[in-house]
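Comments concern the structure below.
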Amino acid sequence: MSGEPHPSILSFDDVTFGFEDEPVLRNVTFSLHRGETLIVHGAAGSGKTVLLKIALGLLRPSRGTVRVFGRDVTALHERDWFDVRSHIGVLFQEGGLFDSLSIEDNVAYPLLNQPRLAAPQAEVDLRVRRSLEFVELGHTLDKLPSELSGGMRRRVGIARAIVTEPELMLYDSPTAGLDPITANTIMALILKGRDVRRASTMIVTHRHQDGEILERYRYDEASAALRPAGTNGSPSFTRYMVLDQGRIAFIGSPVEFDSCADPLVARFASR
Amino acid sequence: MLDLLKAPVLTFQEFIGLSARAVSGVVRKPYYWDDVFVQMDLIGVGSLPVVILTGFFSGAVMALQMSRALQTYGATSQVGQIVAITLVREMGPVLTALMVAGRNSSGMASELGSMKVTEQIDAMRALGTDPVMKLVKPRLIATAFVLPLLTVLADFLGLVGGWMVACKMLGLTTGSQYWNTAWRALEYNDIAQGLLKPFVFAIVLSLVGCFYGMRASGGTQGVGRATTQAVVVASVWVVVLTFVIGRVFVSM
């Protein structure tokens, strides 16, 4: 990595969340830079999801400062958050699709409800179709989420997250509960989304394979396939973070991650 | 002692917060009219069978129970008056509200609760909509509009039920006398009370249902818990509020 030439897109400064006697996050400080991928590992209940929800403004930190796109959002009013969120794409753990809406309406939802993204119906339709074809689910427009498998629902979740072409993508355990083959398909799509659109990405996962794929591969548009990072002149710009009981136990480059002696960190590294 | 009070006080405070946001939202954009009409259909049309049956039989049973007492005093001609007053003032609004609490407050709590535990409410906020405006406000507007209408229907069918029992079954009085005494017994005060109550109940029923749904946690078990709490709390509020409103009108 070449120093920090990229501006910070998301930063936490000494953020604590939860009650005094039982904080879920404690004194968390980190930055995510433009174009960077941050892979967050941690055991269940270590505060990974809370970290994402604070970044999205769904939870308010008890202490500390959060900046998104350089703007202090710590005490932002809910009404003002909508504009900030329109620049962020998110995939929730179970997809978070609306049961009562068709796949098409689910994917169109952010375009129809974010004032900043308002567009004529024809353009909305086009973007929805393009986004669903991106995740290879162009044929499911009229189906309901309940008619799709778990992996397909997760892919629709990705389509809905990228349809707004956000600058920052947040993924909450995108492969949780999926079989290895489906999990790899999802990771390939996340990689494709990251590299085609060069979005900054923060991904929370407990599978070390997910981190490896993001760190070691890049999506090559010309051949429409995954290539090992660095082979086509595009270096990997990835960092790892490990959370333990709400604290950052480790944050650093892949090399530091692989060589870290801490047994807790080593559990998540592929050794 | 203070620790024991802490949880209910905090819950009430949260409820007031949600209520204030929903009620103030009624006069603010955006409006999701499609959702309002869907809810009106669900609550209004959907509750028709249960409200019709409850209204009819509550009037019928009132006439039946009163028949012996009125015969004792030779006042069977007044049966219409008694049925009209008790139904319009009290039983119509309360029984209708309790039916709608059982049907719709529970439905709201379970629907919103399921959305909460599957992160759909978080997704809604993340994708640009305020769940209070999109989910709570349409339910509040729809219930406040249809519950008074359902109550009027229940009141009327209760009078029909009373007429069937009093005139057709027991022959206590004639039809014209029944309807005449029923009509003349009602004052504007009764009508006002009979319409204000369902309006207030509607606000409480919808807000309680939505509130328990929106704070559900802990998976499917949490949704079940939220549903039960919503029905119990909404029903208790109905009987408490009917006394409070009744007290205000009695002293007027």
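Looking at the range A:150-166, can you tell me whether even one residue there is among the aliphatic types (A, V, I, L, M), assigned to a loop (DSSP other than H, G, I, E, B) and buried (at least 21 other Cβ atoms within 10 Å of the Cβ)?
As a first pass, look at the range A:150-166 and keep what is among the aliphatic types (A, V, I, L, M): A:152, A:156, A:158-159, A:161-163.
In the following step, the residues that additionally are assigned to a loop (DSSP other than H, G, I, E, B) were identified as A:163.
Those left that are additionally buried (at least 21 other Cβ atoms within 10 Å of the Cβ): A:163.
Scanning the range A:150-166, I find at least one residue that is among the aliphatic types (A, V, I, L, M), assigned to a loop (DSSP other than H, G, I, E, B) and buried (at least 21 other Cβ atoms within 10 Å of the Cβ), so the answer is yes.
Show the residue pairs meeting these rules: Cβ distance below 6 Å; 6+ apart or different chains; first residue within the range B:152-179 and under 19 Å from residue B:97 (Cα atoms) and touching a residue at least 60 places away in the same chain (Cβ under 8 Å); second residue part of a helix (DSSP H, G or I) and among the polar types (S, T, N, Q).
Taking only residues 6 or more apart or on different chains, the pairs are B:154/B:96; B:158/B:58.
Does residue B:203 qualify as being among the β-branched types (Val, Ile, Thr) and under 18 Å from residue B:84 (Cα atoms)?
On the way: among the β-branched types (Val, Ile, Thr): yes; under 18 Å from residue B:84 (Cα atoms): no.
Here the answer is no, as residue B:203 does not meet what is asked.
Just one of (1) within 14 Å of residue B:87 (Cβ to Cβ); (2) at pLDDT 95 or above; (3) buried (at least 18 other Cβ atoms within 10 Å of the Cβ) trips up residue B:160, so point out which.
Exception for residue B:160: condition (3).
Can you find even one residue in the range B:106-127 that is part of a helix (DSSP H, G or I), free of Cβ contacts under 8 Å to residues at least 24 places away in the same chain and acidic (Asp, Glu)? Before you say what the answer is, go through the steps one by one.
Residues of the range B:106-127 that are part of a helix (DSSP H, G or I), as a first pass: B:106-117, B:120-126.
Filter once more, keeping what is free of Cβ contacts under 8 Å to residues at least 24 places away in the same chain: B:120, B:122-126.
The next check asks that each one be acidic (Asp, Glu); those that pass are B:122.
Yes, there is a match, as at least one residue in the range B:106-127 is part of a helix (DSSP H, G or I), free of Cβ contacts under 8 Å to residues at least 24 places away in the same chain and acidic (Asp, Glu).
I need the full set of residues from the range A:128-142 which are buried (at least 18 other Cβ atoms within 10 Å of the Cβ), outside any loop (DSSP other than H, G, I, E, B) and without any contact (Cβ under 8 Å) to a residue 40 or more places away in the chain, in order please.
Taking the range A:128-142 first, the residues buried (at least 18 other Cβ atoms within 10 Å of the Cβ) are A:128, A:131-132, A:134-135, A:137, A:140.
This time we only want the ones that are outside any loop (DSSP other than H, G, I, E, B), so: A:128, A:131-132, A:134, A:140.
A:128, A:131, A:132, A:140 - these are the residues of the range A:128-142 that are buried (at least 18 other Cβ atoms within 10 Å of the Cβ), outside any loop (DSSP other than H, G, I, E, B) and without any contact (Cβ under 8 Å) to a residue 40 or more places away in the chain.
Quick test of your reading of the structure: residue A:224 fulfils all but one of (1) in contact (Cβ under 8 Å) with a residue 24 or more places away in the chain; (2) over 18 Å from the mean Cα position of the chain (by Cα); (3) on the phi > 0 side of the Ramachandran plot. Name the failing condition by number.
For residue A:224, the failing item is (1).
Can you list the helices (runs of 4 or more DSSP H) lying wholly within the range B:1-91 that have 2 or more residues being under 28 Å from residue B:243 (Cβ atoms)?
Values: elements: B:2-25, B:33-40, B:48-72, B:79-86.
So the answer is B:2-25, B:48-72, B:79-86.
Is there a residue being surrounded by 23 or more Cβ atoms within 10 Å (Cβ to Cβ), closer than 17 Å to residue B:148 by Cα and not small (Gly, Ala, Ser) anywhere in the range B:44-67? Before you say what the answer is, go through the steps one by one.
We begin by selecting, within the range B:44-67, every residue surrounded by 23 or more Cβ atoms within 10 Å (Cβ to Cβ); these are B:51, B:55, B:58-59, B:62-63.
With closer than 17 Å to residue B:148 by Cα added as a condition, the list becomes B:51, B:55.
When the remaining residues are screened for being not small (Gly, Ala, Ser), the result is B:51.
Yes.
Can you tell me how many residues within the range B:11-33 are at pLDDT below 90 and touching a Lys or Arg at 6+ places or on another chain (Cβ under 7 Å)?
Of the residues in the range B:11-33, 0 are at pLDDT below 90 and touching a Lys or Arg at 6+ places or on another chain (Cβ under 7 Å).
Hey, could you check the range A:37-82 for residues that are out of contact with any strand residue (DSSP E or B) (no Cβ under 8 Å at 6 or more places or on another chain) and aliphatic (A, V, I, L, M) and say which is surrounded by the most Cβ atoms within 10 Å (Cβ to Cβ)?
This residue is A:58.
In the range B:127-151, how many are crowded, with 23+ Cβ neighbours inside 10 Å, facing another protein chain (nearest Cβ under 10 Å) and polar (S, T, N, Q)?
Total meeting the criteria: 0.
Please go through (1) surrounded by 13 or more Cβ atoms within 10 Å (Cβ to Cβ); (2) away from chain B (no Cβ under 14 Å) for residue A:147 and return the number of the only condition it doesn't satisfy.
Answer for residue A:147: the failing condition is (1).
Kindly indicate the residue of the range B:109-126 that is aliphatic (A, V, I, L, M) and closer than 8 Å to residue B:213 by Cα and also farthest from the other protein chains (Cβ to nearest Cβ) among those meeting that condition. Quick ask: steps written out before the conclusion?
Just the residues of the range B:109-126 that are aliphatic (A, V, I, L, M), to begin with: B:109, B:112, B:115, B:117, B:121, B:123-124, B:126.
Among the residues that remain, those that are also closer than 8 Å to residue B:213 by Cα are: B:109, B:112.
Numbers: B:109: 16, B:112: 12 Å.
For the range B:109-126, the residue satisfying everything is B:109.
Looking at the structure I just gave you, is residue A:221 among the acidic types (Asp, Glu) and within 16 Å of residue A:135 (Cα to Cα)? Steps first, please.
Working: among the acidic types (Asp, Glu): yes; within 16 Å of residue A:135 (Cα to Cα): yes.
Considered against the rule, which asks whether it is among the acidic types (Asp, Glu) and within 16 Å of residue A:135 (Cα to Cα), residue A:221 comes out as yes.
Consider residue B:143 carefully, then state whether it is among the polar types (S, T, N, Q) and farther than 19 Å from residue B:23 by Cα. Quick ask: steps written out before the conclusion?
Working: among the polar types (S, T, N, Q): yes; farther than 19 Å from residue B:23 by Cα: no.
Taking the combined requirement at face value, the residue does not satisfy it.
Condition first: more than 23 Å from residue A:42 (Cβ to Cβ) and free of Cβ contacts under 8 Å to residues at least 24 places away in the same chain. Can you find one or more residues in the range A:157-172 that meet it?
Kept after step one, since they are more than 23 Å from residue A:42 (Cβ to Cβ), are these residues of the range A:157-172: A:159-160, A:162-167.
Subset that is free of Cβ contacts under 8 Å to residues at least 24 places away in the same chain: none.
There is no residue in the range A:157-172 that is more than 23 Å from residue A:42 (Cβ to Cβ) and free of Cβ contacts under 8 Å to residues at least 24 places away in the same chain.
The values are calculated or read from the model by the stated rules, or taken from the named source; none is laboratory data. From a predicted model like this one, the values you see are computed outputs, not experimental measurements. Counting neighbours? That spans all protein chains shown, and the Cβs are built from the backbone with ideal geometry, glycine included.
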